[in-house]
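Coordinate-derived values only; no laboratory data. These numbers come from a predicted model, not from an experiment. No Cβ is skipped: glycine too gets one built from the backbone with ideal geometry, and neighbour counts run over all protein chains shown.
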Amino acid sequence: MRALVFDGKALDYRDDHPDPQPPAGEAVVRPLVAGICATDLEICRGYMGFSGVLGHEFVGVVESVADTRDEAAAELVGQRVVGTINCVCGVCDMCTRGLREHCRSRTVLGIDGRDGCFADRFTLPVENLIPVPDAVDNDHAVFTEPLAAACQILRQLRIEGTPYVTVLGDGRLGLLVAQVMARLNASVRVIGKHPHKLELCTKWSIKHRRLDQVMSRNDQDIVIDCTGSSEGLKIAMDMVRPRGRIVLKTTVADPAGIDLAPLVVNEVEVIGSRCGPFGEALALLAGGEVDVLSLITRRTRIDKSVQAMHNAARSDDIKTLIEFD
Ligand SMILES: [Zn+2]
Ligand SMILES: [Zn+2]
């Protein structure tokens, strides 16, 4: 089968990659559309020390399940699905506490210990698969995973009064987070570096500014770092008010060399935020409440995916989709 593999050093497109065999409890999924995410690009720079098939954002069709005697699983065959990316043991202290995303022995699709979705076929546990309503087409459904990550912030923050919220970063995730936050009773602004990306905020009636045009005055109640850069935390510390909150979405966060004293002096609460609720994301997509189509900058086929990854690293890219037909 066709697959985009990162071998630990370089990207390699293969058309003779072996088909996956689903272990007990898992299904084989054939992706219809997949999305390139900043995490995929970071992995190619060594993040997580991953090697294998890349990719974790997809909408696909269930081709088969390992155990056909499991009726609930067998019913999924032929269905269009999205899938949560953390594959868990179900018995460790985190799993039994309901913190399954934090399973001590988890694997993560295309990120940690498990081949990803940039291939003609991949496997996921049946319990990770969620059928996609007919109202959500493939181009929308492929945004479920990153939109869920944006929705996770709402689970972690208490919103009181009408807070001033700054979303740092005008990339793939920042523009989703901005739209999710703008639905709240909050004054939201996006700070970025790319005029053509910030321009999308105008369309959505969300305030925006270029980074070099803002004064950092320690006056924001909440700052959400979606920069994907270790710079983000430093900028966030300059913007957040005393006793305010910083939400970190950046997965390259490398605080080396950053003076963390302002967090102590200003008693700032820092919240790490990762994967989120797929149900809420699918509901937003089904209701047309978030504009994801404007984020699609490129479409490519799996056999052109090496070039697509290079293009996705360019500053004009927002979301590159990979198609399989
Ligand atoms: Zn991602
Ligand atoms: Zn576990």
Filtering trypsin sites (Lys or Arg not before Pro) in segment 28-126 by DSSP loop and by at most 12 other Cβ atoms within 10 Å leaves R45, R69, R97, R104
Looking only at lysines whose Cα falls under 23 Å of K193's and that sit 8 or more positions away or on another chain, we get K203, K207, K234, K249, K319
Taking S216, S205 and counting other beta carbon atoms within 10 angstrom, the fewest-first order is S205, S216
With T = 37 °C, eta = 0.692 mPa s and Kirkwood Rh from C-alpha pairs, the Stokes-Einstein D of the chain in µm²/s is about 161 µm²/s
With only helices counted (DSSP H, runs n ≥ 4, each -39500 (n - 2.57)), the per-residue ellipticity at 222 nm for the chain, to the nearest 500, works out to -6500 deg cm²/dmol
Under a Gaussian network model of the chain whose springs join Cα atoms within less than 10 Å, the largest fluctuation of A34, A283, A178 belongs to A283
Of all GluC sites (Glu not before Pro) in segment 235-305, the ones in DSSP coil with at most 13 other Cβ atoms within 10 Å are E267, E289
Assertion target for R2, R243, ordered by fewest C-beta neighbours within 10 angstrom first, is R243, R2
Computed over the Cα atoms of segment 149-272, the Rg and Dmax in Å are 13.2, 39
Counted neighbours (other Cβ, 10 Å), sorted fewest up, put D325, D67 in the order D325, D67
